[in-house]
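These notes concern the structure reproduced below.
What follows is calculated from the coordinates using simple rules that are stated; it is not laboratory data. Keep in mind that what you see is a predicted model, and the values were worked out from it rather than measured. Note that we place each Cβ from the backbone using ideal geometry, even for glycine, and neighbour counts take in every protein chain shown.
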Amino acid sequence: MRGETCTVCSEAVSKYKCPTCRAGYCSVKCFKLHKLEPCAPPDHSTPAAAPSKGRVLKQSEQDRIGDDDEEEKYRLTPGDLQKLDESTKVKQLLMNPNTRALLEAVRKDPNPVEAIRALRQCPDFEELAQALIGATAMTSQCYI
């Protein structure tokens, strides 16, 4: 049985769900397109509406999305996620209130990649980054 179609491009099977509104999408590129417009958690008091289909994008929006293939090679595998879940070092570092505040700042930043680059100078954040890399045994360079 085939899954639902991506609510953004309407071309591929949706493999992922938006954490906010639960709309299905097929790739990082489609997720970024979806996040260009605000979304809200689903209203469970009314019957589910049909998901909106893809829209025509302005060139400036298309340019901001980036190349999905480039990002795909850095995506964590289920095995990597399991290693992170089992890492006592990562769990210990995430208990640090300062580290948690730094992660929350990244989450709220409109440009999280730049925020991460800036935070790499902070010892608490860098220690977490190294623990994450070590836990997943990533041996290639990290470009953030």
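Couple of notes before you dig in:
- Net charge, G134 excluded, C-beta distance under 10 Å - Lys, Arg +1, Asp, Glu -1: +2
- 12 Å beta-carbon shell around T20, net charge (K/R +1, D/E -1): +2
- Proximal charge balance of A101 [Cβ under 14 Å; K/R count +1, D/E count -1]: 0
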